[in-house]
Amino acid sequence: METEEQQLEELKRWWKEHGRTVIAGVVLGIGTVVGWTAWRSHVDATGEAASVRYQRLVDTAAQPNYAGAVELADGIIADSPDSGYAGLAALVGAHAAYKGNDPKAARRLLEWAASSADAFQVGDVARVRLARILSEEGEHDAALAQLDLVKAEPFAAIAIETRGDVLAAKDDPSGARAAYQSALATEGIDGDARSRIQLKLDAMIPGGG
């Protein structure tokens, strides 16, 4: 199972190759099936301009021009909030903001995506990332509340693992251990994720390796 970070990177690679022909849900690896009528409506709603601006955002973030990427993400959200590009733009912009040492902007963009961009499970990606930022800022209960809202099955393991991280930061070792154990028991978890979570679990156990 890929982490949501790996899924977003895959999104960027696919988008460069296929542009508007790629359904964001498939790119994110969630197996969303969209009917032809729904897909046509999606394309009509987003339009050529939004797709061009989104591609510019991806390219700007990759330069890297973090401040420019945040500005472009804000523009897409302001002008096309109901399009499929807005939520994706918020994720890319938030990642750029975080890399550019602007957690306030990252949090703002993720909060928007978490509350407004549920299409293609973008909202769940945003909630996991937002939970991490909230925890870093000491808002552990708010972080846990965001994780409670994650529903998409492909994000179960990463959400539970993040819950363990938040509980560890909250000085709740027993809760963190339980979360890591639950994450390890999640169906479909891949080897890399399993090794990472096991290391965290071992660190929570006195005398663990």
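Reported count of residues in the range 127-166, each being basic (Lys, Arg) and either in contact with a strand residue (DSSP E or B) (Cβ under 7 Å, 6 or more places away or on another chain) or assigned to a loop (DSSP other than H, G, I, E, B) (or both), is 1. Which residues, taken from the range 25-80, are assigned to a helix (DSSP H, G or I), at pLDDT below 75 and under 23 Å from Ala97 (Cα atoms)? Matches in the range 25-80: Val27 only.
For beta carbons closer than 7 Å, sequence separation of 6+ or different chains, a first residue in the range 152-163 that is among the basic types (Lys, Arg) and a second that is in a helix (DSSP H, G or I), the qualifying pairs are Arg163/Leu144; Arg163/Leu147; Arg163/Ala179. Lys104 falls short on exactly one of the conditions (1) without any contact (Cβ under 8 Å) to a residue 60 or more places away in the chain; (2) within 15 Å of the chain's Cα centre (by Cα); (3) surrounded by fewer than 23 Cβ atoms within 10 Å (Cβ to Cβ), and that condition is (2).
The values are calculated or read from the model by the stated rules, or taken from the named source; none is laboratory data. Computed from a prediction, not measured in an experiment: that's the story for all the values here. Counting neighbours? That spans all protein chains shown, and the Cβs are built from the backbone with ideal geometry, glycine included.
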